[in-house]
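Trainee: I'd like to ask you about the structure that follows.
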Amino acid sequence: MEFVDLLENKALIAAILAWFIAQVIKVVLVLVEEKRFDFGKMISSGGMPSSHSALMTAMTASVGKTMGLDSVAFAIAAVTSLVVMYDAANVRREAGKHAELLNKIARDLYPDNHMNQEKLKELLGHKQIEVAVGAILGITIGIWL
C-alpha cells in the first residue's frame, strides 16, 4: 500500500475534512461570540459542533455511500459512530461536570492554591445539540464527497 492510496480513500478524507471544518467552526464561533481569536479551539474537545461526531458520521456516510448500507463495513462504522456520540454526550459530559465540581472544591479548600493544584479540564463532552449538529455536518460531508 502506497501513501498515495490514502489520498484516494474517500471515507478517510471525508472524516478528516469533517473534523477540520468542525474545529474551524469552533474557532469562528469564539471569534464572533467573544471577539477573540482562540486557535487552541482547533485542537480542543467539547463545544459546538462536536468534531468527534462530525468525523465519525462523515466516515460512516462515506462508507455507506461507497460500500452500501447493507455492508458489514457500514454496520461497523455506524455502530462505532453511535458509541462515540453517546460517549461525547453522556460519559465525557459527566466527567466534565465532575471536573467542574472538583475544581470548585479545590478552590474552596485551598483558595491560595498553595498545593499548586492544576485545574482539571471541565469542557470534555458535548450537549446533545452539539453532537447532533456535528453529526449533520459529518453526514453532509460524507455524502457530498
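The values are calculated or read from the model by the stated rules, or taken from the named source; none is laboratory data. Since the structure is predicted, the reported quantities are computational estimates derived from the model, not experimental observations. All Cβ positions, even for glycine, are placed from backbone atoms using ideal geometry, and neighbour counts span all protein chains on display.
Trainee: Here are 65, 41, 35: which of them is basic (Lys, Arg) and under 16 Å from the mean Cα position of the chain (by Cα)?
Mentor: Just one listed residue meets the conditions, 41.
Trainee: What pairs come out if I take residues in the range 42-61 that are more than 14 Å from residue 12 (Cα to Cα) and pair them with residues that are in a loop (DSSP other than H, G, I, E, B) and at pLDDT 95 or above whose C-beta lies under 7 Å away, six or more apart or interchain?
Mentor: Here the result reads none, with nothing in the range 42-61 linked to a residue that is in a loop (DSSP other than H, G, I, E, B) and at pLDDT 95 or above.
Trainee: Here's another thing I want to ask about it. Please indicate, with yes or no, whether at least one residue in the range 8-23 is over 14 Å from residue 133 (Cα atoms), modelled with pLDDT of 95 or more and of a type in the set (Asp, Glu).
Mentor: Checked the range 8-23: no residue is over 14 Å from residue 133 (Cα atoms), modelled with pLDDT of 95 or more and of a type in the set (Asp, Glu).
Trainee: At least 1 residues that are at negative phi, among the β-branched types (Val, Ile, Thr) and surrounded by 14 or more Cβ atoms within 10 Å (Cβ to Cβ) in each: list the helices (runs of 4 or more DSSP H) lying fully within the range 1-120 that qualify.
Mentor: In the range 1-120, the matching helices (runs of 4 or more DSSP H) lie at 10-34, 51-67, 72-86.
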